[in-house]
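Undergrad: Below is the structure I would like to discuss, written out as structure tokens.
No lab work stands behind these numbers, since they all come straight from the coordinates. Please read these numbers as outputs of a predicted model, since none were measured by experiment. We place every Cβ from the backbone using ideal geometry, glycine too, and count neighbours over all the protein chains shown.
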Amino acid sequence: MNMKRSFFERLSGSSSDASFDSFDEELPVTPAPSTHKGAHDRASAAPARPAPLDDDAPSSEGQLPIDVYQTSGDIIVRAFVAGVRPDELNISIRRDMVEISGSRTEREQVAGPDYFTRELFWGSFSRTILLPQEVDVEASSASAKDGLLTIILPRLDKAKQTKLRVKAG
């Protein structure tokens with residue numbers, strides 16, 4: 001008797017005397033019930049395919065990768081902003097949030113077919129960081145060196161108390 005080899009046997013090149021279920025005889029797949037609204041509509045639509053790279057298409061805003069950490073008295077935010085001049089950066093600080101935005105412009109124009117690899121991001125970018133603790137906005141500082149932006153945000157000490165003297169008038 002000539003038996004069909006299983007999918008695993010064909011894939012691995014092995015043969016076995018034991019009979020395994022073959023993937024050749026697949027049963028029709030029934031979709032699982034969905035609890036999400038609109039999931040049926042998405043399932044019946046054609047599968048999504050990545051859009052081709054179009055250099056002339058308007059680019060979306062990029063997201064700036066960051067590191068946020070704390071020291072004994074400060075919260076530090078660091079971000080790579082290589083290729084961005086300081087006057088192209090906008091930093092907005094509130095007591096509980098920092099927003100960094102800017103634009104990285106390509107200095108020389110190269111035609112699309114002349115590229116072999118294109119991974120660098122050119123265009124506007126932004127990032128909003130929710131801070132774990134309130135900071136002193138007035139005492140904050142920012143500096144950029146070697147393409148690394150460092151923002152130092154002194155933490156507010158809510159437990160700190162001061163006594164006020166009432167002046168007689």
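Undergrad: Run the numbers for Val166 and Ser101: contour at 0.36 nm per residue of separation, minus the present Cα-Cα distance, in nm. Walk me through the numbers before you get to the answer.
TA: Working: separation 65, 0.36 × 65 = 23.40 nm, distance 4.49 nm.
Separation in residues times 0.36 nm, less the Cα-Cα distance, equals 18.9 nm.
Undergrad: Output ³J(HN,Hα) for region 135-146: one whole-Hz value per residue in order, computed from phi by the Karplus curve 6.51 cos²θ - 1.76 cosθ + 1.60 with θ = phi - 60°, and x for Gly and Pro.
TA: Each residue of region 135-146 in turn: 10, 8, 5, 5, 8, 6, 9, 9, 8, 10, 8, 6 Hz.
Undergrad: Tell me, in nm to one decimal, what length is gained between Gln109 and Glu61 on full extension, where the rule is 0.36 nm per residue of separation less the Cα-Cα distance? Provide the component values of the computation, followed by the final result.
TA: Values: separation 48, 0.36 × 48 = 17.28 nm, distance 1.96 nm.
Going from the current span to full extension adds 15.3 nm.
Undergrad: Hey, another quick one. For a quick check: sort Val84, Val137, Val98 by the number of other beta carbons within 10 angstrom, fewest at the front. Spell out each step's value before the answer.
TA: Working: Val84 19, Val137 14, Val98 23.
Ordered from fewest to most neighbouring Cβ atoms within 10 Å, Val84, Val137, Val98 come out as Val137, Val84, Val98.
Undergrad: Let me ask something else. For Gln70, what residues show an amide H to amide H distance below 5 Å, using hydrogens built from the backbone and excluding near sequence neighbours?
TA: Ile76
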